[in-house]
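Asks: Below: one structure in structure tokens.
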Amino acid sequence: MPVSQWLRWTAESRVARRVTPSSGKKYHPKEYWVDYMKSAGKLLLERPDSSVLSLPSLLGPTLSTAVRCRICAPIVWRDMMNFINRFGKVTKAISTVPFNIEYLSA
């Protein structure tokens, strides 16, 4: 899915500061998305499991904010679920990589 489907170009609520990915094109992601990603990042550091992305304590504030925007409201649920599902596929792919650690006994 192209980045343009995750970032909203126009909306009624505030936007975050400008984001410039490696492509050089400037984006203005919605603040609810930036807040969600920051909170999700913290949770993933504590528990690296894609299931944390759909916790009500994480999704609730995001959805509550997004539905106040007439442009975001009709698409936020679909976009969030799409992101969560795709992140889950990444997690699944990573889990197939062998990770062997040899323990030294004293």
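Derivation of every value follows stated rules applied to the coordinates shown; laboratory data play no part. Bear in mind the structure is a predicted one, so any value in this text is a computation, not a measurement. FYI the Cβ positions are ideal-geometry reconstructions off the backbone, even for glycines, and counts take in every protein chain you see.
Asks: Looking for something within 14 Å of the chain's Cα centre (by Cα) and either hydroxyl-bearing (Ser, Thr, Tyr) or part of a helix (DSSP H, G or I) (or both) - is there at least one such residue anywhere in region 92-105?
Replies: no
Asks: Could you identify the single residue in ILE71, ILE84, ILE94 that is surrounded by 10 or more Cβ atoms within 10 Å (Cβ to Cβ), in contact with a Lys or Arg (Cβ under 7 Å, 6 or more places away or on another chain) and of a type outside the set (Asp, Glu)?
Replies: Unique residue meeting the criteria: ILE71.
Asks: Which one of PHE87, PHE83 is closer than 18 Å to LEU44 by Cβ and touching a Phe, Trp or Tyr at 6+ places or on another chain (Cβ under 8 Å)?
Replies: Just one listed residue meets the conditions, PHE83.
Asks: Check SER57 against each of (1) loosely packed, with under 10 Cβ neighbours inside 10 Å; (2) touching a strand residue (DSSP E or B) at 6+ places or on another chain (Cβ under 8 Å) and name the one condition it does not meet.
Replies: Against the list (1) loosely packed, with under 10 Cβ neighbours inside 10 Å; (2) touching a strand residue (DSSP E or B) at 6+ places or on another chain (Cβ under 8 Å), SER57 comes up short only on (2).
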